[in-house]
Amino acid sequence: MRTVIRLGGAAVAIAMAFSSCTCHEQAREVPKPTIKDLPTGFRAEHKAATTPALTPKPTQQVAAATTPIALPEDFPTEVPVFKDSVVQGVQELPQNAHNVVFHTTAPVAEVSEFYEKQLKGSGWSVTQEFKRSTRTFATYEKGNLIAHVTIGEDPDNPGRQIIAIMYQEKPKLDFEEF
């Protein structure tokens, strides 16, 4: 009798487990919520009429595009500037570092070879180096100055390369080097 009750109980448990199975039904599409479905505190009101349209002034854009960007005053004279390259931007970085970005149409290999020959030839030592056909990176040190030279294809302008030179004085350590 106990065996019959156990088997019956097991059959009921199995039947209950599979009775809620919905795998034989087709998947229902869940409706996408709309703005009215959001809680009150999360609703954003759309007021297109009160937001003024911003239109750029062409004269400002033309003037900004034609104004050349100068090298920073503290750009190291020991770091050469590649021929026919044009300064595109200057960034101030932490620890009194600067990044100067140039554009050129010369191939990556030519620019990379120029910096390698010029810097090594004037006493800079290479502490890091990475070379590929479409981009190179090298860190040069001379005295207390560090220069990171990155050269790569400009993804936004085919046929142009970007030269980024980040330079800074070596930070003074609060302890002796070992």
Residue within region 95-104 that is surrounded by 17 or more Cβ atoms within 10 Å (Cβ to Cβ) and within 25 Å of LEU173 (Cα to Cα) present: yes
Scanning region 123-145 for residues that are more than 21 Å from GLU110 (Cα to Cα), touching a residue at least 24 places away in the same chain (Cβ under 8 Å) and out of contact with any Phe, Trp or Tyr (no Cβ under 7 Å at 6 or more places or on another chain) gives ASN144
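So that you can scan it fast, the table gives a plain yes or no per residue for (1) touching a strand residue (DSSP E or B) at 6+ places or on another chain (Cβ under 9 Å); (2) buried (at least 17 other Cβ atoms within 10 Å of the Cβ):
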residue	(1), (2)
GLU113	no, no
VAL126	yes, no
LEU145	yes, no
ILE163	yes, yes
ASP174	no, no
Six or more apart or on different chains, Cβ under 7 Å: which pairs go from a residue in region 150-166 that's closer than 15 Å to LYS131 by Cα and touching a residue at least 12 places away in the same chain (Cβ under 8 Å) to one that's surrounded by 14 or more Cβ atoms within 10 Å (Cβ to Cβ) and aromatic (Phe, Trp, Tyr)? Could you list them? THR150/PHE137; ILE163/PHE82; ILE163/PHE102
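Taken together, the values in this text are just the output of simple stated rules run on the coordinates, not laboratory data. As the structure is a computational prediction, the values presented were derived from the model and not from experiment. Cβ atoms come from the backbone with ideal geometry, glycine included; neighbour counts cover every protein chain shown.
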